[in-house]
Structures are given as C-alpha cells and as structure tokens.
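These notes are about the structure you will find just below.
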Amino acid sequence: MIRQFELVERVKSYDPNADEEALDRAYVFSMQAHGSQKRASGDPYFSHPVEVAGILSQMKLDSASIVTGLLHDTVEDTVATLGDIERLFGRDIARLVDGVTKLSRIELQSDQTKQAENFRKLVLAMSEDIRVLLVKLADRLHNMQTLHYIKDPEKRRRIARETMEIYAPLAERIGIHRMKDELEDLAFAELHADARDGIKARLTYLREQGGDIVPRILSELDQTLRAGGVDASVSGREKTPYSIWRKMQRKDVGFEQLSDIMAFRVVVSSVEQCYQALGIIHSHYPVVPGRFKDYISTPKPNKYQSLHTGIIGPERQRIEAQIRTREMHEVAELGVAAHWSYKQGEAKTEGTQYRWLRELLDILEHAAGPEEFLENTKLEMFQDQVFCFTPKGDLIALPRGATPVDFAYAVHSQVGDTCVGAKINGRIVPLRSQLSNGDQVEIVVSKAQTPSPTWERFVVTGKARARIRRFVRTQQRAQYLDLGKAILTKAFRHDAVELNDKQLETVLKQFNCQSAEDLYAAVGEGLATGREVLNALYPNRVEGKASTPKVVPLARARAKAKGADYAVPIRGLIPGMALHYAGCCHPLPGDRIVGIVTTGKGVTIHTIDCDTLESFAETPERWLDVSWDTVTDEPPSHVGRINVMIGNEPGSLGSLTTVIGKNAGNITNLKITNRSTDFFEILVDIEVRDVKHLTNVIAALRATPIINSVERARG
Ligand code: MN
C-alpha cells in the first residue's frame with residue numbers, strides 16, 4: 001500500500017502547487033472512515049482508495065482528483081455523509097465524490113449488453129466533470145486488478161462484462177489507451193481465459209522461434225532512420241492478446257494467418273519528421289497495400305494522431321509502424337489527462353465530431369494550469385439527452401426536458417395512451433415533471449385512461465406528440481359526428497322530413513364526402529350547415545322563416561357519458577357530448593334552460609332569458625331543447641352569479657360573506673366591479689344546489705340593511 005508521504009511526494013513531483021494539506025487530511029479521513037472494513041482479498045478496505053489515488057497520480061492529475069480518489073467510497077460504504085465531505089473538503093470535492101458515488105450505482109445487467117452504447121452515454125452524461133469519469137475509471141481499473149479475489153463467478157463475469165462493454169470503450173473514447181488496454185486485458189482474462197491463454201502461449205512460442213527478433217527489427221529500423229537523417233526513438237511491442245483475438249474473430253482467420261502481431265512505434269520530435277520518417281520507411285521496405293492511414297492530418301475523434309503503415313519490414317516480417325511526435329504519443333497513452341502538460345504545443349482545431357473535444361482544446365489553450373484546466377473540462381457530451389431506467393432496468397434515452405409521458409410512449413404506445421401517473425425513484429410525481437439522468441421511472445396505467453390533449457403542451461418527443469394528436473383527432477371526429485347528426489336531425493324535423501343515411505348518399509358528392517358519417521362530421525365541424533344539406537336534397541323546398549326557435553322534443557336520452565367528468569343532471573343531450581355552463585348567465589338547476597351547439601366545443605347551457613341567446617336567433621338548428629333532470633340531495637355544485645350593491649363602510653364585506661355563508665352558499669369568486677365613495681358594486685359567484693337555493697341566498701341578502709340591492713347577473 002502506498003504510504004501517505006509517498007503519495008504526497010508523487011503528486012508534488014509533477015504539481016508543485018498541489019494542496020498537500022488536503023491530501024493529508026483526505027488520506028487520514030478515508031483510513032478512519034473505512035476502519036476495519038476488508039476487501040475480498042483480505043486486505044484492509046482502505047488499500048483500495050489509496051491504490052485508486054495512486055493510479056490517478058500516475059496520470060498526473062490535480063490534487064482535487066487525488067483527494068476524490070481517496071474519498072470515493074466513503075459516502076457509499078461508510079457512515080460518512082456527503083455533508084461531512086463538503087464541510088471538511090469543500091463543495092467542489094463533495095460534488096466530485098457525489099458524481100463518482102452516483103456512477104457506482106449504475107450496473108449493467110447481462111441481458112443489457114445490446115444497450116451498452118446507451119450505458120456509455122449515460123456514464124458520460126452523469127459524469128459532467130471529466131474528473132468524475134477519470135476517478136471512476138481508476139476505481140474500475142483497481143477493481144479489475146483485484147477481480148480474481150472475488151469468489152462468486154457470476155459476479156466476476158458481470159463486472160468483467162461491464163468493464164468490456166462500458167469502461168474500456170470509455171477509456172478509449174477519452175483517449176487513455178494505456179488504461180483501455182489494461183482494462184480489456186483483465187476483462188478478457190475473466191471472460192475468455194482459454195482464448196487468452198492460447199494466444200499468449202502462441203506469442204511465447206513465436207518469440208522463442210524467432211529468437212530475439214523484436215530487438216533485431218528494432219535496431220535495423222533505428223539504423224535505417226538514422227541513415228536517412230531522422231533521429232527517432234523506436235520501440236516495439238506485441239499487440240495485446242485481446243486485440244489479436246478481436247482481429248481473429250473479425251476476419252475469421254486463425255492465428256497462423258495473422259501476420260502483423262507486432263507494432264513498432266517511431267517517436268520523433270516534429271510533424272515534419274513524421275512524414276520524413278514515413279518516406280524513409282516506404283523507400284526501404286515493401287508497403288502492404290491498404291494499410292496506410294494518416295491520423296495526423298485527420299485525427300481520430302478522441303484526438304489520437306499518428307501515421308500508420310503496414311510494411312514487409314526487416315527480417316521479411318510483416319509489421320505495423322506507428323509514427324508520431326512525442327506529444328502525440330503522450331496524448332495517445334494518457335488521453336485528455338496529458339493535454340494540460342502539453343498546453344504549449346500547437347493545438348489545431350479540427351472538425352472533430354465531438355463538440356466537447358473542441359471545447360476541451362479551447363480550454364486547453366487558455367487555462368493557466370492543471371487545476372483550471374480540469375475544473376473547466378465539463379463533459380458537454382450528451383447534455384441534450386437524459387437516460388432513464390424502467391423498473392426492469394432497461395435504459396431509455398430521451399431528449400432533455402422529457403417527461404414521464406414521453407417515457408411512457410417510448411416504452412410502448414399502449415403504455416403512453418393509458419398512463420395516469422408516474423413514480424420517479426419510487427416517489428409519485430406529476431406527469432409534467434422533467435426527468436433526470438439515472439431516474440428510475442415507473443408508469444402507472446389505467447385501462448380507462450385515454451391521452452389528454454393537455455399532454456401535448458409538455459411532451460418533447462415526436463412519438464408522444466404524434467400519438468396524442470392522432471387520438472385527439474379521432475376523438476374530435478367522433479364528437480363532430482354526433483354533433484352533425486344532432487344538427488341534421490333537428491333541421492330535418494323542422495321541415496318534417498325524415499333523415500336517413502340512404503337518402504344522404506345521393507348528395508355526398510356535392511359535399512365532398514365519402515360516406516354519410518363523413519357528412520355528419522362535416523356538418524358538426526361547421527363545414528356545411530343543416531339547411532345546405534336540406535336544400536341539396538330538396539332543391540325546390542321553400543324555406544320557412546325560423547324566427548323564434550320552436551322547442552322540439554328530442555329523444556330524451558339521459559346523458560351519462562362513460563368517464564365524463566360531469567354527472568349531467570340534464571336531459572336532451574347527446575351522450576358523449578361535451579357540456580359547458582354559460583359564463584354569461586350561470587344557469588342553475590331549476591332555471592329554464594336551452595342548449596346551444598357550438599362546433600368543436602359541444603353544448604353550452606344558457607338560461608332561457610339570457611341576452612346572449614339573441615345572437616343565435618338566426619341559427620335555429622343549433623338550439624337544443626334540454627331540461628334539468630330532477631336530482632335531489634345534490635351537494636351545492638353549481639355556480640350562480642349575483643350582482644350586489646353594498647354600502648362602502650367598515651364591516652360591509654364581512655356581513656355580505658356572513659349572510660351567504662349562513663345560507664349554505666359557498667363563495668367561489670368575488671370581484672369589485674365599481675367603487676365609489678359610498679358604494680361598492682360586487683360580482684359574487686356562489687356555489688349553490690339549484691335556483692331555489694340561490695333565491696334563498698338573494699332573499700337573505702336583501703334582508704340585510706347594509707346591502708342596497710341584489711340581482712342575478714344576466715348575460
Ligand atoms: Mn471503489
């Protein structure tokens with residue numbers, strides 16, 4: 001185990017300004033917090049965070065990263081809280097530790113490897129600060145180095161698979177090749193031990209067969225380059241067993257046919273020398289066609305730069321040569337972690353596909369030191385997405401701002417259509433809530449539920465929006481259809497002719513309709529009127545002047561639409577039609593009423609003496625004869641509106657409300673419409689049972705001395 005002073009020395013060797021005091025405190029805090037906990041290896045648990053800090057110091061990271069490495073398991077595995085961390089180490093460290101803790105809760109299940117890319121994105125999106133990811137990778141590396149101590153083979157395999165699917169690719173994506181190779185090799189050893197052993201044995205055999213072939217190739221390459229005038233440092237290595245295995249699988253070839261298992265690295269001091277070295281190599285050895293790649297002029301998305309070429313090299317061996325500058329080499333080995341130590345180097349802006357890498361380079365050019373550089377390196381990738389889990393652990397990727405309704409539709413259209421509620425991480429939340437990364441979302445469904453048009457206002461996914469719209473359209477059509485049928489029935493009765501679908505078929509073409517239903521819907525929507533349809537059917541009919549609407553008894557279907565939010569005490573309505581009470585006259589049970597059909601809106605109920613009705617005098621087909629269904633013992637649920645004139649003196653408003661309250665009326669709204677020195681004019685909305693109830697309230701008010709006058713509001 002690395003001792004306290006060793007760790008501090010290491011950090012100070014590359015960062016003289018490191019916060020030595022914080023490192024010391026974190027070391028001691030972690031040791032005390034983990035106490036007597038043990039690892040599967042039998043080592044004290046504390047050895048793990050110390051090793052993680054050690055790995056981070058090899059990557060030459062700033063003190064905040066090292067401190068986070070030391071503390072990374074304290075919140076999850078000891079009694080220490082995030083509050084403790086913040087109090088002792090500050091908000092920044094607390095934020096980093098919290099980030100690593102959250103990442104540790106993500107687990108890839110074996111049946112989810114198809115979703116690996118989403119998991120990788122989730123990890124990146126949750127990291128937010130690149131240091132969180134770097135600490136997590138170091139944590140995973142040490143766990144992999146000690147994986148063989150874990151007894152449960154299933155658990156070992158799960159961790160290895162997760163490493164292979166998520167963490168090794170992430171290490172590669174941010175350019176830390178050395179860590180990627182090691183993670184892959186450790187996971188490979190767990191997942192395909194036989195294959196790895198076989199390849200290693202074969203490599204050993206080849207090495208023995210060829211004698212010291214690698215050193216011989218090395219020295220020849222070195223001499224060739226030197227003779228051509230390029231001073232290079234050449235190193236050679238075998239490819240990793242895992243990369244050889246991958247190649248064998250990809251190309252479906254046996255090991256014998258796999259030629260270039262050796263890679264040679266030529267490190268020079270400038271870009272010009274890279275191309276010079278390439279020229280020397282190509283003029284000395286036969287080139288393998290199709291194996292040349294220029295990652296200097298076109299770097300990989302993770303900022304990797306090198307020239308790659310395949311040649312039949314010294315000793316007639318097929319080899320790959322990778323030519324790069326020292327800076328490129330560091331970047332290739334250490335990735336973003338290496339950037340800040342080379343900030344003086346030329347950082348060209350390329351059209352990389354990852355915005356965050358460009359931003360990274362920007363920061364790189366302007367940051368003052370390691371601290372500032374890493375501080376500012378927030379991972380911007382995938383910030384436009386959120387990743388959430390189903391209760392089964394499936395990962396759903398959604399745009400940022402997505403709600404449980406979007407989530408429900410992403411799971412299945414049926415789930416979306418019938419969703420009534422949602423739980424996020426076990427807590428019930430409104431359907432309009434915004435989801436966050438890593439949320440576990442459970443959708444509550446009900447067969448009785450249908451999509452609500454109001455959802456359209458907050459959903460962000462196209463799928464959800466399309467389904468909701470489609471539903472609203474079908475529902476609207478059903479309503480138009482009912483409405484149109486009612487309007488036509490009424491118009492036809494008025495003319496004392498009978499309405500039937502067969503008859504209508506003769507005029508469908510005139511109205512551009514396919515079926516009688518279409519025509520009903522068109523009339524309901526207001527695209528055609530009842531009179532137009534009548535005129536089409538009976539061109540010679542003499543239009544009677546319909547001045548006052550004749551009250552025609554309609555089929556007295558009791559409106560008890562299923563699932564409607566009103567228990568309508570009104571007769572004469574078409575089932576399923578939307579019902580509104582007019583805001584102008586506030587009809588009450590007991591009032592004489594009339595229904596006015598409004599296209600697309602349903603029926604509005606007015607009192608028969610409402611002034612507004614005048615405006616419908618010319619369209620008698622819109623009038624519906626309706627009456628109250630006598631319902632007794634109803635709680636006050638209708639709103640009556642009265643106009644009160646009351647003296648402007650202390651306590652006058654008080655007596656008004658007292659009188660209304662004493663008479664079991666419930667004030668729902670109160671508005672002063674006029675105010676003079678001696679009088680208020682007030683509009684009062686009162687919940688009452690029926691018109692009789694309101695009359696009682698009015699009578700009681702009129703009996704109150706301070707009240708000047710009370711009238712029901714009309715129109
Ligand atoms: Mn750990």
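At a threshold of 8 angstrom on Cα-Cα distance, excluding pairs fewer than six apart, so keeping six or more, what relative contact order does the stretch 36-83 reach in percent? Mind showing how you got there, number by number?
Working: 34 pairs, mean separation 12.6, N = 48.
Over the stretch 36-83, the number comes to 26 percent.
Using Cα-Cα distances under 8 Å and only pairs 6 or more residues apart, what relative contact order does the stretch 638-712 have, in percent? Don't jump to the answer; show the numbers that get you there.
On the way: 137 pairs, mean separation 34.5, N = 75.
With pairs under 8 Å counted, the relative contact order is 46 percent.
Relative contact order for the stretch 384-460: what percent, with Cα pairs under 8 Å and sequence separation of 6 or more? Please list the in-between numbers first.
Details: 157 pairs, mean separation 27.0, N = 77.
So the answer I get is 35 percent.
Taking the Cα atoms of the stretch 4-191, what is the range of coordinates along each of the three principal axes, in descending order and whole Å?
Here the Cα extents, ordered largest to smallest, are 45, 33, 30 Å.
So if each residue of separation counts as 0.36 nm, and I subtract the Cα-Cα distance between Met248 and Lys200, what length gain in nm does that give?
Details: separation 48, 0.36 × 48 = 17.28 nm, distance 1.39 nm.
That pair, Met248 and Lys200, stretches by 15.9 nm at full extension.
How much length is gained if the chain between Tyr14 and Lys423 is pulled fully straight, taking 0.36 nm per residue apart and subtracting their Cα-Cα distance, in nm to one decimal? Don't jump to the answer; show the numbers that get you there.
Values: separation 409, 0.36 × 409 = 147.24 nm, distance 4.88 nm.
Computed gain between Tyr14 and Lys423 is 142.4 nm.
Output the Kirkwood hydrodynamic radius of the stretch 384-460, Cα pairs only, in Å rounded to one decimal.
12.1 Å
Work through the residues other than Pro404 whose Cβ is under 10 Å from its Cβ and net out their charges, Lys, Arg +1 and Asp, Glu -1. If you can, show how the numbers build up before the last one.
Values: positive: Lys423, Arg432; negative: Asp406, Asp439, Glu442.
Net local charge, Pro404 excluded: -1.
Using the scaling law 2.2 N^0.38 Å as the reference, what is the normalised Cα Rg of the stretch 638-712? If you can, show how the numbers build up before the last one.
Values: Rg = 11.3 Å, N = 75, 2.2 N^0.38 = 11.3 Å.
Taking N as the residue count of the stretch 638-712, the ratio is 0.99.
What's the ranking of 456-468, 40-52 by average number of surrounding C-beta atoms within 10 Å, highest first? Let's see the in-between values first.
Working: 456-468: 17.3, 40-52: 19.0.
Output ranking for 456-468, 40-52: 40-52, 456-468.
Using the basic label-point model (7 angstrom from Cα toward the beta carbon), what is the Glu272 to Gln414 distance in nanometres?
Each label point lies 7 Å from its Cα, and together they span 7.1 nm.
Taking H as built 1.01 Å from N, whose amide H comes closer than 5 Å to the amide H of Arg318, not counting residues under 5 places away?
Gly313
Would you kindly calculate the translational diffusion coefficient of the stretch 1-91, applying Stokes-Einstein with the Kirkwood radius from alpha carbon pairs, for 10 °C and a viscosity of 1.306 mPa s, and quote it in µm² s⁻¹ without decimals?
Numbers: Rh = 13.1 Å.
The estimated diffusion coefficient comes to 122 µm²/s.
At a 1.4 Å probe radius, carbon and sulfur cover how many percent of the accessible area of the stretch 400-504?
Details: 2730 of 5580 Å².
Taking all protein chains in place, the stretch 400-504 shows 49 percent carbon and sulfur surface.
Computed FRET efficiency, Cβ-Cβ of Ser452 and Ala713, R0 35 Å: what is it to the nearest 0.05?
0.65
Using a 1.4 angstrom probe on the protein heavy atoms only, line up Val234, Val79 by accessible area, largest first. Please list the in-between numbers first.
Numbers: Val234 30, Val79 140 Å².
Ranked list, largest accessible area first: Val79, Val234.
Treating only the Cα positions of the stretch 116-167 as identical point scatterers, give the base-10 log of I(q)/I(0) from the Debye formula at each q in 0.13, 0.23, 0.30 Å⁻¹.
-0.34, -0.89, -1.14
What whole-number value in Å² describes the accessible area per residue of the stretch 101-197 for a 1.4 Å probe? If you can, show how the numbers build up before the last one.
On the way: 3720 Å² over 97 residues.
Using a 1.4 Å probe on heavy atoms only, each residue of the stretch 101-197 averages 38 Å².
Counting only protein heavy atoms and using a 1.4 Å probe, what share of the accessible area of the stretch 612-715 belongs to carbon plus sulfur, as a whole percent? Can you show the working numbers first?
Values: 2780 of 5600 Å².
Carbon with sulfur: 50 percent of the solvent-accessible area.
Exceeding 31 Å between C-alpha atoms, which entries from my cross-link table qualify? They are Lys447/Lys509; Lys392/Lys463; Lys136/Lys463. Walk me through the numbers before you get to the answer.
Details: Lys447/Lys509 40 Å; Lys392/Lys463 22 Å; Lys136/Lys463 35 Å.
The answer is Lys447/Lys509; Lys136/Lys463.
Given points 7 Å out from each Cα along the Cα-Cβ axis, report the Glu238 to His148 separation in nanometres with one decimal.
Here the modelled spin labels are 1.7 nm apart.
Check each of the trypsin sites (Lys or Arg not before Pro) in the stretch 39-131 and keep only those in coil by DSSP with at most 11 other C-beta atoms within 10 angstrom; list them in order. Walk me through the numbers on the way to the answer.
Working: sites: Arg39, Lys60, Arg87, Arg91, Arg95, Lys102, Arg105, Lys114, Arg120, Lys121, Arg131; in loops: Arg39, Lys60, Arg105.
Listed in order of number, the matching sites are Arg105.
Gain in length, Asp231 to Arg25, computed as 0.36 nm per residue apart minus the alpha-carbon separation, to one decimal in nm? Present the calculation step by step, with values, prior to reporting the outcome.
Numbers: separation 206, 0.36 × 206 = 74.16 nm, distance 4.68 nm.
Extending this stretch completely gives an extra 69.5 nm.
Grab the beta carbon distance between Val445 and Arg473, set R0 = 25 Å, and tell me the FRET efficiency rounded to 0.05.
Once the sixth-power term is evaluated, E becomes 0.65.
Using modelled amide H (1.01 Å from N, peptide plane; none on Pro or chain starts), what sits under 5 Å from the amide H of Ile667, excluding residues fewer than 5 places away?
When sequence neighbours closer than 5 places are left aside, the close amide H contacts are Glu687.
Tally up the carbon and sulfur contribution to the accessible surface of the stretch 4-191 as a whole percent, 1.4 Å probe, everything protein left in place. Don't skip to the answer; put the middle values down first.
Working: 3430 of 7400 Å².
Answer for the stretch 4-191: carbon and sulfur cover 46 percent of the accessible area.
The values are calculated or read from the model by the stated rules, or taken from the named source; none is laboratory data. Fair warning: this is a prediction, and the values are worked out from it, not measured in the lab. Cβ: placed from backbone, ideal geometry, glycine included. Neighbour counts: every protein chain shown. Side chains are part of the model used for accessible areas, which takes the heavy atoms of the whole protein and leaves out ligands, DNA and RNA. Shrake-Rupley method; radii C 1.70, N 1.55, O 1.52, S 1.80 Å.
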